[in-house]
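Colleague: What follows is a structure written as structure tokens; I'll ask about it next.
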Amino acid sequence: MPALSTESVTAGYGRAPIINDISLSAELGTVTTIIGPNGAGKSTFAKTLVGILRPMSGRISVNDVDITRMPGHQIPRHGLVYVPQNDNVFKRLTVRENLEVGGFASRSNTDARMEEILGIFTDLDKAKEKRAGFLSGGQQNLLAIARALMIDPAVIMLDEPTAGLSPAYTDVVWNQIARISQLNTAVVVVEQNVERALKHSDFVHIFVAGRNHVHGAAKEIASLDLASIFLGRSHAN
Ligand SMILES: Nc1ncnc2c1ncn2[C@@H]1O[C@H](COP(=O)(O)OP(=O)(O)O)[C@@H](O)[C@H]1O
Ligand SMILES: [Mg+2]
């Protein structure tokens, strides 16, 4: 049973669907990345998973529990958390307070989990008492990820966690993503940089014009003519 499974999910903002028939699954301990041109519906898919948008049809499940019509605030409790692209930390709270807020929905011991998380995000450990608003953009993104991890989710969905970061910090974030998957989590990442997506993921899905156009193991995807696929000129499977 995959940690995350979506079956033929169709959703949009008004009557017309933006994403159509999206089926995708993600296993614990793996990194699954969604790439595709701007406007392909990657963020719309992410928002549909976490209850910000209601699917018109299809099914979404986490650890085999149907969350398709669940209110958004209940979804983290069922093991799915989402880190949006922007405004993802409480800037006036300290790093420690942000993590405490993140652990609020958790049934387990927040202090122990915080230690575990800070053991991975060592930069944040050093800045524990700093207000989040004073961290660099990259560190704020890491804090947002760390906060989402506080509830020990089965699935974490990250929307462009490296957007706007320097190449060096982009590597830092991707290295952390690898470590997070090793915490027995399914990591699903939306990424705009194709090379990095292929390098750091186990599985890659290419969304084009609202459809899950092509998907496969990163190694298989790397051998395809991605330029044509992005332009919607080629179907690989
Ligand atoms: N809040 C919104 N209301 C209406 N349409 C939207 C909204 N957000 C995005 N869209 C439209 O949905 C389509 C897909 O956008 P999005 O999911 O953000 O793409 P991506 O993340 O792949 O760049 C675009 O055509 C965009 O204009
Ligand atoms: Mg987007």
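The values are calculated or read from the model by the stated rules, or taken from the named source; none is laboratory data. This structure is a prediction, so every number in the text was calculated from the model and none was measured. Neighbour counts are summed over all protein chains in view; Cβ atoms, including those assigned to glycine, are modelled from backbone coordinates with ideal geometry.
Colleague: Checking Asp152 against (1) outside any strand (DSSP E or B); (2) on the phi < 0 side of the Ramachandran plot, only one condition comes out false. Which one?
Modeller: Status for Asp152: all satisfied but (2).
Colleague: Now, a different point. Run down Val65, Val81 and say which single residue is more than 16 Å from ligand 2 (Cβ to nearest atom), out of contact with any strand residue (DSSP E or B) (no Cβ under 9 Å at 6 or more places or on another chain) and closer than 16 Å to Ala26 by Cβ.
Modeller: None of the others qualify; the one that does is Val65.
Yes/no matrix, rows are residues, columns are (1) more than 13 Å from the chain's Cα centre (by Cα); (2) in a helix (DSSP H, G or I); (3) under 27 Å from Thr162 (Cβ atoms):
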| position | (1), (2), (3) |
| --- | --- |
| Ile22 | yes, no, yes |
| Thr33 | no, no, yes |
| Ala40 | yes, no, yes |
| Phe45 | no, yes, yes |
| Gly51 | yes, no, yes |
| Pro55 | yes, no, no |
| Ile60 | yes, no, yes |
| Met70 | yes, no, no |
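Colleague: Checking Leu28 against (1) within 16 Å of ligand 1 (Cβ to nearest atom); (2) among the aliphatic types (A, V, I, L, M); (3) in contact (Cβ under 8 Å) with a residue 40 or more places away in the chain, which single condition isn't satisfied?
Modeller: Of everything listed in (1) within 16 Å of ligand 1 (Cβ to nearest atom); (2) among the aliphatic types (A, V, I, L, M); (3) in contact (Cβ under 8 Å) with a residue 40 or more places away in the chain, Leu28 misses just condition (1).
Colleague: Still on this structure, I have one more. For segment 54-73, state whether one or more residues are surrounded by fewer than 16 Cβ atoms within 10 Å (Cβ to Cβ), modelled with pLDDT under 95 and in contact with a helix residue (DSSP H, G or I) (Cβ under 8 Å, 6 or more places away or on another chain).
Modeller: yes
Colleague: Can you tell which of Ala197, Ala178, Ala146 is under 24 Å from Glu27 (Cβ atoms), assigned to a helix (DSSP H, G or I) and within 16 Å of ligand 2 (Cβ to nearest atom)?
Modeller: Ala197
Colleague: If I ask for residues that are polar (S, T, N, Q), over 23 Å from Gly133 (Cα atoms) and touching a Leu at 6+ places or on another chain (Cβ under 9 Å), which ones from segment 62-109 would you list?
Modeller: Asn63
Colleague: Moving on to the next point. Quick check on my filter: what residues within segment 161-175 are of a type outside the set (Gly, Ala, Ser) and part of a helix (DSSP H, G or I)? It would help to see each step written out before you state the result.
Modeller: If we filter segment 161-175 for residues that are of a type outside the set (Gly, Ala, Ser), which is where we start, we get 161-162, 165, 167, 169-175.
Selection gives Pro167, Tyr169, Thr170, Asp171, Val172, Val173, Trp174, Asn175.
Colleague: How about segment 117-133: which of its residues are crowded, with 17+ Cβ neighbours inside 10 Å and in contact with an Asp or Glu (Cβ under 8 Å, 6 or more places away or on another chain)?
Modeller: Listed by number, the list holds a single entry, Leu118.
Colleague: Evaluate the following for Val172: is it modelled with pLDDT of 95 or more, of a type in the set (Val, Ile, Thr) and more than 16 Å from ligand 1 (Cβ to nearest atom)?
Modeller: No, not satisfied.
Colleague: Could I ask something else about it? Of everything in segment 73-106, what is assigned to a loop (DSSP other than H, G, I, E, B) and of a type in the set (A, V, I, L, M, F, W, C)? Give them in sequence order.
Modeller: Of everything in segment 73-106, those that are assigned to a loop (DSSP other than H, G, I, E, B) and of a type in the set (A, V, I, L, M, F, W, C) turn out to be Ile75, Val89, Phe90, Leu93.
Colleague: Continuing with the same structure: Given the residues Arg96, Arg92, Arg113, which is the only one that is surrounded by fewer than 11 Cβ atoms within 10 Å (Cβ to Cβ) and of a type in the set (Lys, Arg)?
Modeller: Arg92
Colleague: Can you run down the residue pairs with Cβ atoms below 9 Å, 6 or more apart or on separate chains, where the first is in segment 47-68 and within 17 Å of Ile18 (Cα to Cα) and within 13 Å of ligand 1 (Cβ to nearest atom) and the partner is acidic (Asp, Glu) and at pLDDT 95 or above?
Modeller: Listed pairs, sorted by first residue: Lys47/Asp159.
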